[in-house]
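Below is one structure, written out as structure tokens; the observations come after it.
The values are calculated or read from the model by the stated rules, or taken from the named source; none is laboratory data. Bear in mind the structure is a predicted one, so any value in this text is a computation, not a measurement. Methodologically, a virtual Cβ is constructed for each residue, glycine included, from the backbone with ideal geometry; neighbour enumeration extends over all protein chains shown.
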């Protein structure tokens, strides 16, 4: 356990087996709730801290059901089925409203597995982009606090500086690491899968309201491969496939500095107008 | 309700609100259980038949927890949160084992929503391939019964005919429709998102054991757009991004014959060796 702001953001205190209390973190605040990546990482952390955990994360799907308010929340993680080498998890994040109701703010499922060494191959190879040292740091996107927790260096597809409605593509390529640097683990990798701002901003060059509805992360790397990334930059790439009547998707990849595909991710995002 | 074999495969009989009984279908049998696409469609059907349903499907994630045995099963669908225009669902498929236990065979989450007309654009456009009428029908893949329920016409990336270990890419482009033809709906679209055989077969040209662990479908089309597809072919495309120590991913797109991107999908698949 380090004293990095990220560890504080995903910290959970067990109250019984599979039931935890957590607290939103001002350092990862987004527009109307916590940064979705930090919330996804918190959901994953509930699985990783469970005493019955089998193996390491393979997939995580997080559904954002409602805007989490600043303050305390409860997370439950339940292994719904444990096989010889795979385990299926259900996770929920609940928050007590001002009216005293227990509201579901997030539902999630995860699969963990004991991996075996097999033939391996990355078909999606990292794009050729300038090294992070040669690129400017920073992302211009309102005054969102969580952005300050990342060192983002865009090679392509930065947030528009002119919101002129003249966008023509949704592709971003960006180096990312925690700020200050922090050794990569499954939780921080899950969070980084959500650092790509809504593709509709880029494609339209219009700041239309948008928010992630569902996020899926596939973990290709095991713990040893994450350790090899240490505190290095990851190269991220994100692009949309379709924008249609209130929702669009975005697909992303995260490679290590050494060019190993660590995770692929997909999300479906609400947008207005 | 038609008498098509697909309707029979996804049929659910409510026993109480959100609790249904169903039965596996010999017509959609795969190697050691039902075709995963039919199972995903069954899970979605439990949501669509629920009396409290809001809107139409936006996303569906299905986790295959265990091999469903031939016979009856129970499906539960629970709206965990209903907002003004979105609704978050939890679905499980349970089966009573020979020993009398109630085993979780599938967990799923779904998001449904009331869509509004907005600016829309397909960034992922359909590849240029020969029309289905000019291509041979059929897929050579063991004696899997479910394959006979589809008319599959490969433009590229057919199952290897020589299992010689000499594969070099995982991309398939294939026209697909129900056999016999059936008007497209959300359930059949979800099933078609899983017609792409395991990418490892193609990439390695080796028939290694493989099975989907988790499948996510994003529905870009609304019901009216599905109706426009009627009984026409869809053009599907699938490709892997990474094969690593027992698991690989595959991403897919399904366009209408008119070139509208109806759904995008992702899955993570277990493989051996």
(request) Give the residues of the stretch B:108-129 that are facing chain A (nearest Cβ under 8 Å), touching a strand residue (DSSP E or B) at 6+ places or on another chain (Cβ under 6 Å) and closer than 17 Å to residue B:57 by Cα, sorted by residue number. (result) B:108, B:109, B:111, B:113
(request) For the stretch A:1-28, enumerate the residues that are within 17 Å of the chain's Cα centre (by Cα), assigned to a loop (DSSP other than H, G, I, E, B) and closer than 13 Å to residue A:45 by Cα. (result) A:11
(message) Looking at the stretch A:79-93 only, could you name the residues that are over 19 Å from the mean Cα position of the chain (by Cα) and either within 10 Å of chain B (Cβ to nearest Cβ) or crowded, with 18+ Cβ neighbours inside 10 Å (or both)?
(response) A:79, A:80, A:81, A:82, A:83, A:85, A:86, A:87, A:88
(request) Answer yes or no: is there a residue in the stretch A:43-58 that is crowded, with 20+ Cβ neighbours inside 10 Å, in contact with a helix residue (DSSP H, G or I) (Cβ under 9 Å, 6 or more places away or on another chain) and assigned to a strand (DSSP E or B). (result) yes
(message) Within the stretch B:206-222, take every residue that is farther than 18 Å from residue B:267 by Cβ and either within 12 Å of chain A (Cβ to nearest Cβ) or within 18 Å of the chain's Cα centre (by Cα) (or both) and give me the one that is surrounded by the most Cβ atoms within 10 Å (Cβ to Cβ).
(response) B:221
(message) I'd like the full set of residues that are part of a strand (DSSP E or B) and away from every other protein chain (no Cβ under 14 Å), limited to the stretch B:130-174.
(response) B:141, B:143, B:150, B:151, B:152, B:153, B:154, B:155, B:156, B:173, B:174
(message) Yes or no: the stretch B:181-196 includes at least one residue that is at pLDDT 95 or above, assigned to a loop (DSSP other than H, G, I, E, B), crowded, with 21+ Cβ neighbours inside 10 Å and out of contact with any helix residue (DSSP H, G or I) (no Cβ under 8 Å at 6 or more places or on another chain).
(response) yes
(message) Restricting to the stretch A:223-235, count the residues that are surrounded by fewer than 22 Cβ atoms within 10 Å (Cβ to Cβ) and either within 27 Å of residue A:91 (Cβ to Cβ) or within 7 Å of chain B (Cβ to nearest Cβ) (or both).
(response) 5
(request) Within the stretch B:242-273, track down each residue that is part of a loop (DSSP other than H, G, I, E, B) and crowded, with 22+ Cβ neighbours inside 10 Å. (result) B:246
(request) Test residue A:61 against the criterion of being without any contact (Cβ under 8 Å) to a residue 60 or more places away in the chain, under 15 Å from residue A:107 (Cβ atoms) and part of a strand (DSSP E or B), and give yes or no. (result) no
(message) If I ask for residues that are under 13 Å from residue A:68 (Cβ atoms) and without any contact (Cβ under 8 Å) to a residue 40 or more places away in the chain, which ones from the stretch A:10-31 would you list?
(response) A:25
